[in-house]
Amino acid sequence: MQQAIITILLLLVSNTFMTLAWYGHLKMQEAKLISNWPLILVILFSWGIALFEYCAQVPANRIGFRDNGGPFSLFQLKIIQEVISLTVFTVLACLMFKSETLHWNHIAAFACLVLAVFFAFLKP
């Protein structure tokens with residue numbers, strides 16, 4: 001149980017950094033903090049943030065993977081990661097980008113991903 005919790009917490013941290021690396025520069029551009037930066041500098045900045053994503057993602061997968069003594073299969077790890085990724089993205093997008101709104105179809109799509117987790121944990 002402890003490995004599952006550590007894995008999920010690391011995935012939360014990882015996906016927070018991933019979302020900031022992928023979309024944070026858009027908020028910074030909107031705030032006129034990096035409006036004049038060339039694209040290569042924005043890419044390097046995002047890579048710097050993504051480094052922290054990998055520092056959490058790799059240990060999460062190693063700790064959580066069944067072949068390393070963890071509780072999850074490879075497919076379960078990936079599906080959990082996708083649901084966490086969408087959850088973190090949704091929260092950060094709603095907080096950071098006031099022009100973006102969450103609609104019923106987004107919630108329906110999220111529910112489908114939660115169902116994917118359910119099906120991933122069913123015994124074959």
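The values are calculated or read from the model by the stated rules, or taken from the named source; none is laboratory data. The model shown is predicted, which means the values in this text are computed figures rather than measured ones. Because the Cβ atoms are built from the backbone with ideal geometry, glycine has one as well, and the counts that use them run over all protein chains shown.
Going by the structure shown, is Lys123 closer than 23 Å to Ser14 by Cβ and of a type in the set (Lys, Arg)? So Lys123 fails the test. Residues of the range 69-116 that are surrounded by 15 or more Cβ atoms within 10 Å (Cβ to Cβ) and of a type in the set (Val, Ile, Thr): Ile79, Ile80, Val83, Ile84, Thr87, Val88, Thr90.
Would you check if Leu26 is under 28 Å from Ala120 (Cα atoms) and either assigned to a helix (DSSP H, G or I) or within 14 Å of the chain's Cα centre (by Cα) (or both)? No; evaluated as a whole, the condition is false for this residue.
For the range 47-68, the set of residues classified as surrounded by 15 or more Cβ atoms within 10 Å (Cβ to Cβ), assigned to a helix (DSSP H, G or I) and aromatic (Phe, Trp, Tyr) consists of Phe52 only. Residue-level check: of (1) at pLDDT below 95; (2) under 18 Å from the mean Cα position of the chain (by Cα); (3) part of a helix (DSSP H, G or I), Leu102 misses just (3).
Of all residues in the range 1-23, those satisfying the criterion of being small (Gly, Ala, Ser) and either on the phi > 0 side of the Ramachandran plot or touching a residue at least 40 places away in the same chain (Cβ under 8 Å) (or both) are Ala4, Ser14. Pairing each residue of the range 26-49 that is on the phi < 0 side of the Ramachandran plot and of a type in the set (S, T, N, Q) with any residue that is surrounded by 12 or more Cβ atoms within 10 Å (Cβ to Cβ) and part of a loop (DSSP other than H, G, I, E, B), provided the two are 6+ apart or on different chains, yields C-beta distances under 9 Å for Gln29/Trp37.
Restricting the search to the range 37-46, which residues are surrounded by 11 or more Cβ atoms within 10 Å (Cβ to Cβ) and over 14 Å from Asn15 (Cα atoms)? Outline the logic, then answer.
We begin by selecting, within the range 37-46, every residue surrounded by 11 or more Cβ atoms within 10 Å (Cβ to Cβ); these are 37, 41-46.
Those that are surrounded by 11 or more Cβ atoms within 10 Å (Cβ to Cβ) and over 14 Å from Asn15 (Cα atoms): Trp37, Leu41, Val42, Ile43, Leu44, Phe45.
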